[in-house]
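These notes concern the structure reproduced below.
The values are calculated or read from the model by the stated rules, or taken from the named source; none is laboratory data. Here the structure is a predicted model, which means the values were calculated and not measured. When we count neighbours, we look across all protein chains shown, and the Cβ atoms used for this are built from the backbone with ideal geometry, even at glycine. Please note that ligands, DNA and RNA were not included when accessible areas were found on the heavy atoms of the full protein model with its side chains. Shrake-Rupley method; radii C 1.70, N 1.55, O 1.52, S 1.80 Å.
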Amino acid sequence: MKFYSKWDNGLNSVLLILSSFVIYVQSDVPRPRGVSLSKASLYSPNKDFTCFDGTVTLPFSYVNDDYCDCFDGSDEPGTSACLNGIFHCTNAGHRPQNIPSSRVNDGVCDCCDGTDEYAVPNSCANTCEELGKEARAEAQRLAELHKAGSHLRQELIEKGNKKRNEMAEQLSQLERDKADAEKIKLEKESIKNEIENKENEALKVYREAEEKEKQKKAEEEKEKSRKESIEQFERFDSNNDGLLTSDEIATANVFDKNKDGQVDEEEIKYFFGDSENVDKESFVTKTWPLLKPLLMMEQGMFRPMQDNEESDHDTDEEANHDLDNEDQGSEDDNLDADLSIDDNEEHEIESDTTSKYDEETQKLINEATEARKQFSDAERTVREIDSNIRNIQQNLEKDYGLQQEFATLDGQCFEYEDKEYVYKLCMFQKVTQKSKNSGSEIGLGNWGEWAGDDNKYSVMKYTNGVACWNGPNRLTVVNVHCGLETKLLSVTEPYRCEYKIDLSTPAACDGSNTAQQQHDEL
Ligand code: MAN
């Protein structure tokens, strides 16, 4: 199969194979075509070749024979036979390059030295010298920029470290303040508890008196109602035999519930139940509660609820109960409000001028009110210190670069305008986009993390912005470049709701990145 496919090719292919197979001499080190200097020693013509993954060992003649033998493609660095092969171009005068070997002899010049297109000699001009010159000039420019910027960076480093030290100092001061504030809070709490105990003790007398008064009133009401009911019973018991019969109420208007001019059986049943008559006691306990509202209505003292008025009471009995307590209700509420004391700071006893308390009690109430206020102030102070501590701790935990070079930029905002939007990057906080037409602001991401590949501090990621319509949350990637000024160079949206910002800042200028270093890489 292998040999068949090899010899089945035309003459051109054979020549091509031979030219790939021939040891290629470059940079004084003989190596097969497409092999980098660093890998040259792995291809020794005097030995069999072992695929890089170690799976197969082949005669050296199989290297670059335009047939893929190794799973990792390492036997065909100079042909396009392996889908996963890598072709190395030396690009003398410019940067060496590794390209997928599928691009070898595909008619497109990928390497500036043209070595990837050897099938048609001279089809690619060697542009490495020219490109190398441009690249070296750019490297020189960058190195100079880095050098100039590194002075500013140094200033940022100094300020950043100062800021961090200040924050650390602030934090320890706040921690001391917190300890003091906690102590004051405990003191205030104990003062408050002590005075509240006294206050409660003093108010107990009032509470008991109020309770007694309440009970007394209830008793009186009950008695009044009973007296009234007996009076009514006696009024209707025309023969004074102690029993109220249907005949006796037949002509009494008030028992005519539906006002049809007669007291019918249904109405009698409503007031008497299953009995034919009621004695005084049953009248007081059962009939009277049903009759009283009707009587009051007749006397114009009580207006029943209309259907459209809201009511929790559906039965006459309940309505009646309500009536009985109508006057008392608001008074009781006041009483409860005045006398109930709890730890809830918002609930304070009013100290009005027309106090119903004796001087001593009123004094205690005033003192307790003040103690509660002082305690809640002390609590608030602790909460505020806590929140400041959390803020500083969060900032101290932020990664501001190896030498704190980005620290002073935290919170600083920079804007960029294009035709449609104004973009704003607030460093280490968030990115927003404001439409010039609608004026509404959209969050494009909140500070997430550093995410550069080689240099972590070359890319900032702001994530979890406002959700894109029918899509994921918006996010922004900020590429950080060296520049003499911190500013936004460009903002684009390469994919819907994914934004890219180019930011220049002296914080990213590294003086050790010299022209010589960059030159050496070329
Ligand atoms: C807004 C802007 C655009 C974005 C669309 C997505 O118009 O945030 O940047 O592409 O919404 O619907």
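The modelled label-to-label distance for the pair LEU402/ASN239, using points 7 Å beyond Cα in the direction of Cβ, is 11.8 nm.
For LYS280, what is the net charge nearby, where nearby means another residue's Cβ is under 9 Å from its Cβ and Lys, Arg count +1, Asp, Glu -1?
Around LYS280, the charge tally is -4.
Each principal axis of region 146-202 carries a Cα extent, and these read 80, 13, 8 Å when sorted largest first. Taking amide hydrogens as placed 1.01 Å from N in the peptide plane, the amide H of PHE87 sits under 5 Å from those of ILE99, SER101, each at least 5 positions away in sequence or on another chain. Exceedance of the 19 Å cut-off in Cα-Cα distance is limited, within the set LYS188/LYS373; LYS162/LYS430; LYS198/LYS363; LYS159/LYS398, to LYS162/LYS430. Here the accessible area is traced with a 1.4 Å probe on the protein chains. For region 87-215, carbon and sulfur cover 51 percent of it. With a Förster radius of 51 Å applied to the beta-carbon distance between LEU186 and SER512, the computed FRET efficiency rounds to 0.40.
So how much slack lies between GLN394 and VAL382, counting 0.36 nm per residue of separation and subtracting their Cα-Cα distance, in nm?
Extra length available between GLN394 and VAL382 comes to 2.5 nm.
Applying the Karplus relation 6.51 cos²θ - 1.76 cosθ + 1.60 with θ = phi - 60° to region 410-415 yields 3J(HN,Hα) values of 4, x, 6, 10, 10, 10 Hz, where x marks Gly and Pro. Between amide H atoms placed 1.01 Å from N, distances below 5 Å from VAL466 occur with GLY443, LEU444, GLY445, ARG474, all of them 5 or more places distant or on a separate chain.
Once the C-beta distance of TYR206 and GLU370 is scaled by a Förster radius of 22 Å, the resulting FRET efficiency is 0.65 to the nearest 0.05.
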